[in-house]
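Student: Have a look at this one.
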Protein chains: 2
Amino acid sequence: MYSQPIVLTCAGRTDAGVHARQQVVTFGVRGKKVEPIRLRNSLNALLAPSVVTSEVSIVETQFDARYAAMWRQYRYLVLNSEIPDPLLATTTWWVDKPLHLESMQEACEALIGLHDFTSFCKRPKDIPNATLVRRLLQAEWTVEPELNGRHELLRFEVAGSAFCHQMVRSLVGTLVDVGRGRFTAAQVGQILAAKDRSLSSNVAPPHALSLWNIGYPGDETPVWLSTPRP
Amino acid sequence: MYSQPIVLTCAGRTDAGVHARQQVVTFGVRGKKVEPIRLRNSLNALLAPSVVTSEVSIVETQFDARYAAMWRQYRYLVLNSEIPDPLLATTTWWVDKPLHLESMQEACEALIGLHDFTSFCKRPKDIPNATLVRRLLQAEWTVEPELNGRHELLRFEVAGSAFCHQMVRSLVGTLVDVGRGRFTAAQVGQILAAKDRSLSSNVAPPHALSLWNIGYPGDETPVWLSTPRP
């Protein structure tokens with residue numbers, strides 16, 4: 001479109017199979033005028049409906065979608081019912097055993113704040129000494145409002161400064177095991193403290209996870225961020 | 001499973017690409033004991049998540065899923081927004097031009113009741129003289145509650161004694177053209193009265209349509225059925 005190589009910087013990474021409701025991308029164009037609406041429409045003509053561009057804006061040269069982001073928020077959906085649902089199969093994880101939501105929420109308490117998440121992260125092979133310390137800002141299980149006539153949907157909302165590889169799916173896998181009664185809520189804090197990935201559960205499947213929101217300076221403060229935390 | 005050929009009778013037909021939230025199927029088994037829960041679980045192990053069996057019950061021999069059904073209800077979802085949505089692409093029809101919902105609803109009035117729906121039906125090739133007279137019991141456009149963070153979803157609920165081939169999609173195509181301003185609400189009544197399929201719009205795409213509910217004697221009466229109609 002601009003007859004030059006374009007290098008994209010993305011605000012949030014997602015594993016293969018993970019969806020994104022929001023994603024912010026920056027790139028530079030040399031010596032050409034970018035018309036935002038026209039570029040948005042051209043991208044949608046090429047990529048929709050798999051990838052959709054909702055807005056194009058021109059920003060200061062120093063704005064970087066990745067480094068300017070203050071937090072990322074993900075959502076994970078669990079269909080907790082005896083019977084699966086064909087219409088929800090591509091966006092939810094079907095778990096037939098009844099889950100104990102209160103224990104799953106209780107287990108989240110130990111995760112909030114600044115921690116070394118080694119027990120819940122796939123260590124990057126190319127940077128074996130990379131820090132896996134991250135700040136978790138929100139971790140909430142709620143019953144999703146009616147979707148497609150179903151009432152048995154559990155929603156996990158999780159936000160943090162950043163996430164390491166497979167971290168959200170590893171947290172969901174472990175928390176669902178708390179809901180199943182395989183771990184107590186207290187054991188999740190112990191798994192975190194042990195910094196040993198072999199203690200956490202298998203990662204939850206990717207197709208039920210969505211990158212949901214990305215926060216930048218100047219955005220409205222979400223409710224979960226305005227509550228003071230120790 | 002029962003070592004004999006099984007003949008299925010379905011309550012409602014759907015075109016290729018159409019979903020079903022509910023479907024009722026009857027079949028007979030000779031000389032074998034059917035255990036409902038076990039059969040349900042076996043079917044789900046074989047067919048889920050594309051096809052899911054939510055319940056198996058043993059009924060009187062004379063009960064026939066198709067002939068006992070008193071009404072069928074379908075839902076059609078239109079995403080009426082400037083920008084498409086990847087997560088809704090497989091279950092909604094994206095229409096970017098703003099639709100006038102009130103006119104679409106007004107146009108439905110002429111359709112309710114017993115009519116010859118020739119203008120909205122694909123005539124069956126094998127039975128060219130088949131009657132296309134059907135009774136429409138409900139035809140309602142509403143704004144769907146928030147789904148996946150989107151608020152621009154229009155829901156069309158339509159119920160009738162029975163539907164002929166492509167009838168719901170033909171009605172939706174024509175009503176969306178009313179919303180676009182191509183037809184007035186009054187013209188829809190004229191198209192119906194003309195009994196001429198060339199006057200109605202192209203059928204709406206199948207992937208946004210779902211067979212939603214099937215009514216049998218003894219079921220609770222839905223709100224739209226309890227309102228007296230002329």
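The values are calculated or read from the model by the stated rules, or taken from the named source; none is laboratory data. The structure displayed is predicted, hence computed values, not measured ones. A quick note on method: Cβ atoms are made from the backbone with ideal geometry, for glycine too, and the neighbour counts reach across all protein chains shown.
Residue by residue, here is whether (1) touching an Asp or Glu at 6+ places or on another chain (Cβ under 8 Å); (2) away from every other protein chain (no Cβ under 14 Å); (3) closer than 17 Å to B:Cys108 by Cα holds:
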| site | (1), (2), (3) |
| --- | --- |
| B:Cys164 | no, yes, no |
| B:Arg169 | yes, yes, yes |
| B:Thr184 | no, yes, yes |
| B:Ala194 | no, yes, yes |
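Student: Which of the residues spanning the stretch B:55-95 are in contact with a Pro (Cβ under 8 Å, 6 or more places away or on another chain), of a type in the set (D, E, K, R) and under 15 Å from B:Glu152 (Cβ atoms)?
Tutor: Within the stretch B:55-95, just B:Asp85 meets the criteria.
Student: Please state which of the following conditions B:Arg66 fails to meet, knowing it meets all the rest: (1) farther than 30 Å from B:Gly181 by Cβ; (2) touching a Lys or Arg at 6+ places or on another chain (Cβ under 6 Å).
Tutor: Unmet condition: (2).
Student: Continuing with this model, one more query. How many residues, within the stretch B:73-95, are at the interface with chain A (Cβ under 9 Å from one of its Cβ atoms), part of a loop (DSSP other than H, G, I, E, B), within 21 Å of A:Pro86 (Cα to Cα) and touching a strand residue (DSSP E or B) at 6+ places or on another chain (Cβ under 8 Å)?
Tutor: 2
Student: Looking at the stretch A:201-230 only, could you name the residues that are of a type in the set (Ser, Thr, Tyr) and under 18 Å from A:Gln105 (Cβ atoms)? Break it down into steps so the answer makes sense when it comes.
Tutor: Applying the first criterion (of a type in the set (Ser, Thr, Tyr)) to the stretch A:201-230 yields A:201, A:210, A:216, A:221, A:226-227.
Across the stretch A:201-230, the qualifying residues are A:Ser201, A:Thr227.
Matching residues to (1) modelled with pLDDT of 90 or more; (2) among the charged types (D, E, K, R); (3) in contact with a strand residue (DSSP E or B) (Cβ under 6 Å, 6 or more places away or on another chain); (4) within 30 Å of B:Leu47 (Cα to Cα):
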| position | (1), (2), (3), (4) |
| --- | --- |
| A:Asp15 | no, yes, no, yes |
| A:Ala20 | yes, no, yes, yes |
| A:Val29 | yes, no, no, no |
| A:Arg40 | yes, yes, no, no |
| A:Glu55 | yes, yes, no, no |
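Student: How many residues, within the stretch A:42-72, are within 10 Å of another protein chain (Cβ to nearest Cβ) and either buried (at least 16 other Cβ atoms within 10 Å of the Cβ) or on the phi > 0 side of the Ramachandran plot (or both)?
Tutor: 5
Student: Step by step: first the residues of the stretch A:190-202, then only those that are crowded, with 20+ Cβ neighbours inside 10 Å and not small (Gly, Ala, Ser), then the one that is nearest to the chain's Cα centre (by Cα). Which residue is that?
Tutor: Out of the qualifying residues, it is A:Leu192.
The rows are residues; the columns are (1) assigned to a strand (DSSP E or B); (2) exposed (fewer than 13 other Cβ atoms within 10 Å of the Cβ); (3) more than 18 Å from the chain's Cα centre (by Cα).
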{"site": "B:Lys97", "(1), (2), (3)": "no, yes, yes"}
{"site": "B:Glu102", "(1), (2), (3)": "no, yes, yes"}
{"site": "B:Ala110", "(1), (2), (3)": "no, no, yes"}
{"site": "B:His115", "(1), (2), (3)": "yes, no, no"}
{"site": "B:Ser119", "(1), (2), (3)": "no, no, no"}
{"site": "B:Lys122", "(1), (2), (3)": "no, no, no"}
{"site": "B:Asn129", "(1), (2), (3)": "no, yes, yes"}
{"site": "B:Leu136", "(1), (2), (3)": "yes, no, no"}
{"site": "B:Ala139", "(1), (2), (3)": "yes, no, no"}
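Student: Here is a follow-up. Name the residues in the stretch A:208-222 that are surrounded by fewer than 16 Cβ atoms within 10 Å (Cβ to Cβ) and either charged (D, E, K, R) or outside any loop (DSSP other than H, G, I, E, B) (or both), would you?
Tutor: Taking the stretch A:208-222 and keeping what is surrounded by fewer than 16 Cβ atoms within 10 Å (Cβ to Cβ), we get A:216-221.
Scanning the stretch A:208-222 gives A:Asp219, A:Glu220.
Student: Suppose we keep only residues that are exposed (fewer than 13 other Cβ atoms within 10 Å of the Cβ) and in a helix (DSSP H, G or I) within the stretch A:1-41. Which one would you say is nearest to the other protein chains (Cβ to nearest Cβ)?
Tutor: Here the answer is A:Ile37.
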